[in-house]
Structures are given as structure tokens and as C-alpha cells.
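Read through the structure below, which is laid out as C-alpha cells, and then see the notes.
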Amino acid sequence: MTPFDQELSARLAAIRASGLHRELRCVDSAQSPRITVAGQTLLNFSSNDYLGLANEPALREAAIHAVERYGAGCGASRLVCGSLRPHHHLETTLADFKGAEAALSFSSGYTAALGTVAALLGKGDFIILDRLVHACIVDAARLCGAKLRVFVHNDLAGLESILRWIDTQTSPAGPGKTRPRTLIVTESVFSMDGGFAPLRELVELKDKYGAWLMVDEAHATGLFGPNRRGMAEALGVSDRIEVQMGTLGKALGAAGGYICGSRPLVEYLVNRARSFIFSTAPAPSVAAAAAAGIAFVRSPLGEERRLALMSRIAELPDHLTVATASPPSAIIPILIGNETKAMEVAARLRHQGVFIPAIRYPTVGRGKARLRLTITAVHTSEDLAQLAAALHQV
Ligand SMILES: *Cc1c(COP(=O)(O)O)cnc(C)c1O
């Protein structure tokens, strides 16, 4: 073994010893409530494909059509010659769906967060995060160079005391000097706990202190609000949030990330978001599938799927005693605590034919390992009964 590999092997041994080792599992089927892993068919309760769109004919056909017309790849970044019709169509569809002035798509939600936060803030600015935000936002906060402050999950008083402290740190803009900016970032539905952020109160607070607000709707887009735009719509605060972010890879069934907001925001990101500028444009098939996912969500069929999902979630207490968020979301954490124990429980569930991987540090805090159970619109009541029986067994 080379010294390089020796060092990495020692690091891997330490990861294993702490119960945090991860490995890939090869899935031999399309996303659905049942997936094939190593020849075994498993009832899948781990997908973010909340509406069952990842393998939906309308999305598949849109992708195939885009391949036939535009090919497999884009050849360059969006700003060079890779900005194809499907990207533009996706962005007008997105803006219209979200009721926003403009939208920009990225190759992932992760890169949308990195590029956007680092474009908006720099050294001398402030960024404030809810403790439970997704890793991409934490990484974005580190990358942008702004001073980082974190508040206890959903703790408005804690957030306000940070905002007050920042006020004491900053003097008003003088001639030729811009005032430091403060950006608050939270999720509308938290990815590992399934709970909601108090968006109305957050909007009031950021307005009171002249801060900006960015909301990650990764687990809400397509699921909440009269037009299924997300929680900002459900709570009537969409037009008071400076930056609305989300992914095209969860309920929308495709892949990619997006930012929605004002026209100046999107124009600015096209000029300044490095993860957008210095990266090959997403495949046209993926952009086309995402646009078809949005069209599906907005159609009566999309509403049917959403209602099916909500009724499956509502049935869950008939099968299991689990604490669900209120209002309920599709993410139900089953807290275990110890990392190794969580892995054992997940392995025993697999033995019972049920797939719910253990989520461990650093995705969640140390000692907060859990099974992250997700329900989709295409699960049946019988699937829930089988899940309950398997959980009961283990
Ligand atoms: C999945 C997720 C992302 C990242 O989106 P991708 O498109 O998968 O890169 C960002 N934020 C949250 C809260 C997520 O759950």
C-alpha cells in the first residue's frame, strides 16, 4: 500500500470505529415504493420522490424528447453556448409556478446554495443560520466569508438577540461605503426532522432589522400551498422573502436546484454565482424532465398525488406510534440515538424487506442517529401496514 492509501485506510478505520462508515448500495430499479437492491426487493421508505414523479411517464417522455432534439450534453456552461431552450423553458415555467418575477436553475440544490450565498455576501457581512439547516447552507456560509452566527432551531428570541448584536457592530453606510449585509437562512420544512419554520415571524424579524431572508423549500415545493409552491405560499409570505431556493430533485422528480426571486436577483446571480458560471449546463433532458415535473405538479393529477400523500400521512398513526410534525410533513424521524444501534435497526428492517437507512452524524448531530422515514403519494395503505409490522418485529 502506498503511504497515501495507508493514511486514508487509517482514517477509514477511525470512521468505522465510530459507527459512521458509509457505503454505496447499488439499486437495480427505477425509483418506486419498491426497489431492487442486491437481488432483493425492498419496500422503500427513504425516498424524497414524494409525489412518485421520478419514473412518471410524462417526465420520462419529456427527457427522451429533449435528448432526441438537443442531444445528451450541453457542451459548455450556460454563459458560453450551453444555455439551451429547455433551460429557458424550465426557468420561465419555474418563475410562473412560484409566482416569482424570475428564476434561475442550477445543476443541484447544493450548488444553488453555494453560488447564491457566496454571490450575495462577503467578508464584513453577516450570515445567520438555524442550527438544523442542510449541509449545503452551512458550506455556503463558510465559503462566502461572512461572519457566521447560528441560532437554536426555530428560536426567534435567539435570532433576535443575534440581530440586535449585529446592529451594535455595524455603523450606517457612509459616503462610498456600503452597509454590511445580514442574510438569515432557514428551511421551510426541515430535512431530517420534518418540522416547519415560523416563516411569518421570521419575515417580521428580518424586516424589523433590515436583514435579508433566504428560505430553502427543498422539502415543501410541490407539496404545500394552494398552488403547491411551498410553505412560503401556504403562509402568505412569498413576496416578502428575498431569496427562495429549492431543488428539482425531490417532489419535482428530476434533478437540479433553483433560485426564485426578483429580476435583479436572477440577473445578478447570472453575473456573480460562481457555481452557475463555472460549470457545464445541466443536461437538456434533466431540465426538460424538471419542467415536466412542475407541469405535472400544477395539473389536477398533481393535486391528486398531493392529496394521496396527505391521506397516507394522515393514516400513519393508525399503523405506528410516531410523533409527526404539525401540520404533518412527509418526513417522520424515528429517533434512535446511538449510531451503531441505528445501523443495526436499519439492517434488521432490511432483513424484513423494508428499506429505511439510518441517518447519522454529520447529517444529524452526534448521538442523534435516526431512521428517517419518508412517505410518498405512491405508497399504499398495505405498504404502511407492512412497514408497521416490520418496525414491530425489530
Ligand atoms: C436535498 C437538499 C438540498 C440539496 O438539493 P440537491 O438538489 O439534492 O443538491 C438542499 N437543501 C435541503 C434542505 C435538502 O434537503
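I'd like to know if region 371-386 contains one or more residues that are part of a loop (DSSP other than H, G, I, E, B) and open to solvent by 60 Å² or more (accessible area, probe 1.4 Å). No - not one qualifying residue is present in region 371-386.
Looking at LEU301, LEU252, LEU265, LEU269, just one residue is at pLDDT 95 or above and in a loop (DSSP other than H, G, I, E, B), and that residue is LEU252. Applying the selection to region 233-276, what residues are within 14 Å of the ligand (Cβ to nearest atom) and small (Gly, Ala, Ser)? Correct list: GLY246, GLY249, ALA251, GLY253, ALA254, ALA255, GLY256, GLY257, SER275.
The set of residues in region 312-326 being in contact with a helix residue (DSSP H, G or I) (Cβ under 9 Å, 6 or more places away or on another chain) and either assigned by TED's automatic domain parsing to the domain that holds GLY194 or open to solvent by 30 Å² or more (accessible area, probe 1.4 Å) (or both) consists of ARG312, GLU315, ASP318, HIS319, VAL322, THR324. When PRO33 is tested against (1) surrounded by 14 or more Cβ atoms within 10 Å (Cβ to Cβ); (2) at pLDDT below 95, only condition (2) is not met. Restricting attention to region 215-229, the residues being away from the ligand (no atom under 12 Å from the Cβ) and not polar (S, T, N, Q) number 7. Can you tell me which residues in region 201-240 are outside any helix (DSSP H, G or I), of a type in the set (Gly, Ala, Ser) and open to solvent by 10 Å² or more (accessible area, probe 1.4 Å)? Within region 201-240, GLY210, ALA218, GLY225, GLY236 meet the criteria. A count restricted to region 93-116 and to residues that are of a type in the set (Ser, Thr, Tyr) and open to solvent by 90 Å² or more (accessible area, probe 1.4 Å) stands at 1. Residue pairs whose Cβ atoms lie under 6 Å apart, separated by 6 or more positions or on different chains, with the first residue in region 235-247 and in contact (Cβ under 8 Å) with a residue 24 or more places away in the chain and the second within 16 Å of the ligand (Cβ to nearest atom) and assigned to a loop (DSSP other than H, G, I, E, B), are GLY246/GLU217; GLY246/ALA218; GLY246/THR221; THR247/ALA218.
Take ARG179 and tell me if it is charged (D, E, K, R), surrounded by fewer than 23 Cβ atoms within 10 Å (Cβ to Cβ) and in a loop (DSSP other than H, G, I, E, B). Yes; evaluated as a whole, the condition is true for this residue. Within region 243-250, is there a residue that is more than 26 Å from ALA118 (Cα to Cα), assigned by TED's automatic domain parsing to the domain that holds PRO226, in contact with a Gly (Cβ under 7 Å, 6 or more places away or on another chain) and open to solvent by less than 40 Å² (accessible area, probe 1.4 Å)? Checked region 243-250: no residue is more than 26 Å from ALA118 (Cα to Cα), assigned by TED's automatic domain parsing to the domain that holds PRO226, in contact with a Gly (Cβ under 7 Å, 6 or more places away or on another chain) and open to solvent by less than 40 Å² (accessible area, probe 1.4 Å). All of (1) open to solvent by less than 30 Å² (accessible area, probe 1.4 Å); (2) closer than 30 Å to ARG240 by Cα; (3) more than 24 Å from the chain's Cα centre (by Cα) hold for CYS74 with one exception: (2).
Taken together, the criteria place SER279 among residues that are in the same structural domain as SER107 (by TED's automatic domain parsing), more than 19 Å from the chain's Cα centre (by Cα), open to solvent by 10 Å² or more (accessible area, probe 1.4 Å) and within 16 Å of the ligand (Cβ to nearest atom). Annotation: SER161 fulfils all but one of (1) more than 13 Å from the ligand (Cβ to nearest atom); (2) outside any helix (DSSP H, G or I); the unmet one is (2). Taking the criterion of being without any contact (Cβ under 8 Å) to a residue 24 or more places away in the chain, in a helix (DSSP H, G or I) and within 16 Å of the ligand (Cβ to nearest atom), the only residue of region 92-139 that qualifies is VAL138. Please work out if PRO333 is in contact (Cβ under 8 Å) with a residue 12 or more places away in the chain and part of a loop (DSSP other than H, G, I, E, B). When the stated conditions are applied, PRO333 does not pass them.
To keep it simple, each residue is scored yes or no on (1) closer than 14 Å to ALA113 by Cα; (2) touching a helix residue (DSSP H, G or I) at 6+ places or on another chain (Cβ under 7 Å); (3) not small (Gly, Ala, Ser).
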{"residue": "VAL237", "(1), (2), (3)": "no, yes, yes"}
{"residue": "ILE241", "(1), (2), (3)": "no, yes, yes"}
{"residue": "VAL266", "(1), (2), (3)": "yes, no, yes"}
{"residue": "ASN271", "(1), (2), (3)": "no, no, yes"}
{"residue": "SER285", "(1), (2), (3)": "no, yes, no"}
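The requirement of being over 17 Å from PRO327 (Cβ atoms), modelled with pLDDT of 95 or more and open to solvent by less than 10 Å² (accessible area, probe 1.4 Å) is not satisfied by VAL150.
The values are calculated or read from the model by the stated rules, or taken from the named source; none is laboratory data. Bear in mind that the values here come from a model prediction, so they are computed numbers and not experimental data. Reconstructed Cβ throughout: ideal geometry from the backbone, glycine too, with neighbour counts over all protein chains shown. The accessibility values were calculated without ligands, DNA or RNA, using every heavy atom of the protein model including side chains. Shrake-Rupley method; radii C 1.70, N 1.55, O 1.52, S 1.80 Å.
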